[in-house]
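Everything on this sheet refers to the single structure shown next.
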Amino acid sequence: MFKNWTARYIGFLILVFLFILLAYPYIDVSREIIILMGVYLITVPVIGHLYFKRKQFQLYTFILALVLGIYGFLTEPVKDYSVSNAIYSTFRLFILDVDNVFEPTGSKFVKYPLIIEVARWSAALYTISTIFSLIYSKFHYRLIKWLIGKRGNHIVISGYNSFSELTAIKLTESRYKVVMISEDIPYDRKHELEDKGIFIVSKKMDPYETFRNASVLNAKYCILFHEKESENLDELIALKKLFASQGQLKKRGEQLEIIIHHKGPANLRIIEDIEGELRTENSHYFAIKQINTYKLIADKLFTDFPLYRGYEERVRSKDSEPLHLLCIGFGDTGQHLMLEALERAHFINRKKLKITVLDKAAETLKKEWKRQYPNIDKVGDFQFVPYNNLQQKLDEVVANYDFTHAYICLDQDYADIIEGLEVSKRNKDLPVFVKVNKQGNVSEWIHENTTAFKNLHQFGDLEKVLNTQTLLKEEMSSFAKKTHESYRDLQIDLLNKGMEGVYVPDVWESLNQFTQESNRSTYQHIDTKLMLLGMRAVPLCGEGEEIDFLTFESMVKKSLEDVAAAEHHRWNAFHFLRDWKTMTDKSLPDYPKSESLKQHAALVPWEDLKILEGKLNKSYSFYCRKAIKDLYYILPKDYKLIPYNKGESVDE
């Protein structure tokens, strides 16, 4: 930015110099004034750019009025005028008054010298702008707060850290009105955020007062983004109590969406309990969605680089070996990458995804992983291998493994890059993904040498991850809502036809967070289903001959059972990873499904599903097939289907 400003400034000075050079013979201006203005133009803009970014206009007008005023009062009066008088008269310009020392009569009807005219109008502009600036700084927060409170539809972000700051900036750039709640924003950062249009609310001891000051009752979203997850949970409970006391949303007729940041399954259970209390009280004041920066990173990575890319024939074959992922470093990033892979890696090949984890604390992590996800063995085939990248050579540890992907997620970017280069050198055809939180010289060098490192990819830059679509998930939610409404309409139709035992779900707004998220998860698997069918979605303006409906039906018919089975196993994985179990006790009153017990009778392999359907006289597999057949209709209107070619990106 500074380089661009410098270039523009130098260009401006050159133009001024050329103008003076060409116009000087034709204008009646003393050499002293030209020198003064030259010094002014050279020095004052630089000082303003470096030190007075927020008040540059006041600086320019003040110095211009001061310099030209003193010089004018010294050189233009009809009689000698002392320096002290010249300074005094110059300062009187700032109270919008001019001492007439330019005519003997002292009349008010006087034509002032040009230099005094420029000085007095500069002084007037300075005074007026300063007054308005003071008024604005005193009352603009109250005005903005009043407008936001009346209009609503804004986004409240509670908690200040690098993630929440970047989130606020990204949302503001997308033309959302953002209110940030915090008590520890550095002074300089606060002003920079305010300059970007972000409204800052100071956190009070009373959380209810704080949220009222942020007009959360009229907000569209409220993002709880503290680094300490306990603070997010405390504020979620405070919001529940605030809305219960106000009943505001019932009057407004629409729900606030609370987006809460959390890491692990332990906090997820607390969030579900709070949501359960709201449902028990029949108080649908707000809907709860969850975000996790590590999961957002994983979503972005597997959307940009699907697991099946380069292995299309392998995942379309029933008899082929499963994909085998290598994960070096199993901290928060590595764990969420593997969780996301387990949810997405469901293909015609029904074998469980293989994952080999290398970490110096492998044994401890294995026990912790099993404790957090007791059903993990039903979804993936894990192997934990102790590995210290500072003391061991990679070849000694994984020499006999045949991996399809490698993910490097160590503690430091530099260590990730070094390890990634080592893995890439070992197998030039193996896609290697390296976590790089911040772009540095080495990462830029790798990016510039794409030919030499064509199989080495970088991920983890939150600048590319934290955006409106990934945070608010509006497109994904719209798809999920449409899918749910289609399912609900079908159930109502079956009930109207007299079919017994038909379950009609609630409308979308009344669904719990888990069920809504289950519907959203189908969105992230669409590209995989299309690839298995031999097609992909591209914008209407993109290249490729569009597949019509008859061709779509013909292609679906060839692989319907296999792709429907993949969809069922994806549904199974979503539930197993959230601690659901297969319901086997038929004596339970909620059989075949109990949300309170987290059990479902249909959580069985595809081959066993038909047996269950015969016993219950209910076709679960029908809905899996329907999800495949509906792909043609649920695509956005500005997209089309074209044949899939091996290795192509879904975004091309």
Restricting to region 64-78, count the residues that are farther than 14 Å from residue 33 by Cα and open to solvent by less than 70 Å² (accessible area, probe 1.4 Å). 1
Picked from region 15-36 (must be open to solvent by less than 60 Å² (accessible area, probe 1.4 Å), aliphatic (A, V, I, L, M) and under 18 Å from residue 75 (Cα atoms)), the residue modelled with the lowest pLDDT is 29
Suppose the filter is more than 30 Å from residue 78 (Cβ to Cβ), open to solvent by less than 50 Å² (accessible area, probe 1.4 Å) and either out of contact with any helix residue (DSSP H, G or I) (no Cβ under 6 Å at 6 or more places or on another chain) or not aliphatic (A, V, I, L, M) (or both); does residue 124 pass it? no
Could you tell me whether any residue of region 422-442 is β-branched (Val, Ile, Thr), in contact with a Leu (Cβ under 7 Å, 6 or more places away or on another chain) and modelled with pLDDT under 80? no
Kindly provide the set of residues from region 586-615 that are over 16 Å from residue 378 (Cα atoms) and aromatic (Phe, Trp, Tyr), ordered by number. 591
If residue 209 satisfies all but one of (1) in contact with a helix residue (DSSP H, G or I) (Cβ under 7 Å, 6 or more places away or on another chain); (2) at pLDDT 85 or above; (3) not aromatic (Phe, Trp, Tyr), what's the number of the condition it fails? (1)
Just give me the residues in region 399-416 being over 16 Å from residue 330 (Cα atoms) and surrounded by 12 or more Cβ atoms within 10 Å (Cβ to Cβ), in sequence order. 401, 403, 404, 414
What helices (runs of 4 or more DSSP H) lie completely within region 499-617 and have 3 or more residues being surrounded by 13 or more Cβ atoms within 10 Å (Cβ to Cβ) and touching a His at 6+ places or on another chain (Cβ under 6 Å)? 549-576
Quick one: what pairs do we get from region 531-544, first residue within 12 Å of residue 312 (Cβ to Cβ), second among the acidic types (Asp, Glu) and outside any strand (DSSP E or B), C-beta under 8 Å, 6+ apart or different chains? 531/312; 532/562; 536/527; 536/648
Of all residues in region 127-138 being open to solvent by less than 60 Å² (accessible area, probe 1.4 Å) and of a type in the set (Gly, Ala, Ser), the one that is nearest to the chain's Cα centre (by Cα): 133
Within region 39-56, the count of residues that are touching a Leu at 6+ places or on another chain (Cβ under 8 Å) and closer than 25 Å to residue 189 by Cβ comes to 3
Enumerated helices (runs of 4 or more DSSP H) restricted to region 265-377, each holding at least 1 residues that are closer than 22 Å to residue 227 by Cα, of a type in the set (S, T, N, Q) and in contact with a helix residue (DSSP H, G or I) (Cβ under 7 Å, 6 or more places away or on another chain): 265-280, 293-304, 332-344, 362-372
Residue tally, condition under 18 Å from residue 322 (Cα atoms) and either hydrophobic (A, V, I, L, M, F, W, C) or in contact with a Lys or Arg (Cβ under 8 Å, 6 or more places away or on another chain) (or both), over region 353-376: 4
Among all residue pairs at least 6 apart or on different chains, which show Cβ distances below 7 Å where the first residue, located in region 413-430, is touching a residue at least 60 places away in the same chain (Cβ under 8 Å) and assigned to a helix (DSSP H, G or I) and the second is open to solvent by less than 80 Å² (accessible area, probe 1.4 Å) and charged (D, E, K, R)? 416/435
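From 303, 333, which residue is of a type outside the set (A, V, I, L, M, F, W, C) and in contact with a strand residue (DSSP E or B) (Cβ under 8 Å, 6 or more places away or on another chain)?
Of the residues listed, the single one that is of a type outside the set (A, V, I, L, M, F, W, C) and in contact with a strand residue (DSSP E or B) (Cβ under 8 Å, 6 or more places away or on another chain) is 333.
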Hits in region 465-498 - residues which are under 17 Å from residue 628 (Cα atoms) and open to solvent by less than 50 Å² (accessible area, probe 1.4 Å): 479, 480, 483, 484, 486, 490
Restricting region 371-382 to residues that are without any contact (Cβ under 8 Å) to a residue 60 or more places away in the chain and surrounded by 14 or more Cβ atoms within 10 Å (Cβ to Cβ), the one farthest from residue 403 (Cα to Cα) turns out to be 380
I'd like to know if region 527-535 contains one or more residues that are touching a strand residue (DSSP E or B) at 6+ places or on another chain (Cβ under 8 Å) and hydrophobic (A, V, I, L, M, F, W, C). yes
Near pairs, Cβ below 7 angstrom, 6+ apart or cross-chain, from region 621-639 (acidic (Asp, Glu)) to any residue that is surrounded by 14 or more Cβ atoms within 10 Å (Cβ to Cβ) and assigned to a helix (DSSP H, G or I): 630/486
Can you find a residue in region 389-396 that is in a helix (DSSP H, G or I) and open to solvent by less than 80 Å² (accessible area, probe 1.4 Å)? yes
Restricting region 237-265 to residues that are modelled with pLDDT of 80 or more and of a type in the set (D, E, K, R), which is least open to solvent (accessible area, probe 1.4 Å)? 240
In region 92-102, is there at least one residue being crowded, with 18+ Cβ neighbours inside 10 Å and closer than 30 Å to residue 195 by Cβ? yes
Of the numbered conditions (1) at positive phi; (2) in contact (Cβ under 8 Å) with a residue 60 or more places away in the chain, residue 175 fails exactly one; give the number of that condition. (2)
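The values are calculated or read from the model by the stated rules, or taken from the named source; none is laboratory data. This one's a predicted model, so the numbers in the text were calculated from it and none came from an experiment. Glycine also receives a Cβ, built like all others from the backbone with ideal geometry; neighbour counts cover every protein chain displayed. Ligands, DNA and RNA are stripped out before the accessible areas are found, and what is left, the full protein with its side chains, is counted by its heavy atoms. Shrake-Rupley method; radii C 1.70, N 1.55, O 1.52, S 1.80 Å.
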